[in-house]
Amino acid sequence: MFKLLMLLLTFHSSLAANVAKDIFILAGQSNMAGRGGVVHGKWDGNVPPECRPNPSTLRLSAKLTWEEAQEPLHADIDVGKTCGIGPGMAFVDGLRANGSRTRVVGLVPCAAGGTKIRKWARGTRLYRQLVSRAGASVKDGGAIRAILWYQGESDTVTKEDADAYRGNMETLITNLRTDLNEPSLPVIQVRPFSISLKILRHHVRFVISLTIIGQKDTLLIYEKVMKQQWWG
């Protein structure tokens, strides 16, 4: 019976991979890559209900193949670091729990821990990887609905980086929309902060450009989801 169930789930995921998907790009640094439940370099393996697998939630692997999404989403992307729970799965759970018409969702992990925003500038390895993976994600059907961006802690360490953040973020959004050929692509950004240098965090300003994805409270869902995360 167990083997039969697994075969059915695999078959369902295989079918889902070839239908139109609502695709979300996950980018940023460690909090997006997932550090929830990571203590002393090891993930505790605890998966909260909001982050459990769903046959209709897929992830694009490092090999550019669709598979059923499960934590840690960035295990083969943010390599060399221990990944745990991030906001991606909980975001999808929030969409569905709040009446979204979204059916099959494709998540495209692209985040890398400890990266300043300049590491994401056009022409860098991370930027090229994001654009390449985003392009691959729509080849067999679907549309990119938004980029979920959680990054900025590394840019609060110095006042120079913090003051430059808004301009860098605006440039990044413009470049991504151009290179992905999505001039109105929504970018949902989480407010970053620095625990050690709380004064400098006030210099970081945020650009949130949101196009509604079938409902009016998409951003509120994301903020609610973030409050439920478990960062160590």
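General remarks:
- Phi-based couplings in Hz for segment 151-157 (Karplus 6.51, -1.76, 1.60; Gly and Pro marked x): 7, x, 4, 5, 9, 9, 6
- Legend: P(r) of segment 116-168 from all alpha carbon pair distances, 10 Å bins from 0, whole percents, reading 21, 42, 27, 9, 1.
- Simple spin-label estimate for residue 160 and residue 138 gives 3.8 nm between the two label positions (7 Å along the Cα-to-Cβ direction from each Cα).
- Partners for residue 81 among aspartates and glutamates (Cα-Cα distance below 16 Å; same-chain residues under 8 apart left out): 44, 71
- ³J(HN,Hα), Karplus 6.51/-1.76/1.60, whole Hz, each residue of segment 70-80, x for Gly, Pro: 8, 6, x, 4, 9, 4, 9, 10, 8, 6, x
- Judged by the ratio a/c of the largest to the smallest principal axis of the C-alpha gyration tensor, segment 32-156 counts as oblate, that ratio being 1.5 or greater while a/b is no larger than b/c.
- Note on residue 126 and residue 39: the model spin-label points, each 7 Å out from Cα along the C-beta direction, lie 2.8 nm apart.
- Amide hydrogen proximity for residue 73: with H placed 1.01 Å from N in the peptide plane, the residues at 5 or more positions away or on another chain lying under 5 Å are 86.
Values quoted throughout were computed directly from the atomic coordinates according to the rules given, and no laboratory measurement underlies them. Nothing here was measured: the structure is a model prediction, and the numbers come from that model. All Cβ positions, even for glycine, are placed from backbone atoms using ideal geometry, and neighbour counts span all protein chains on display.
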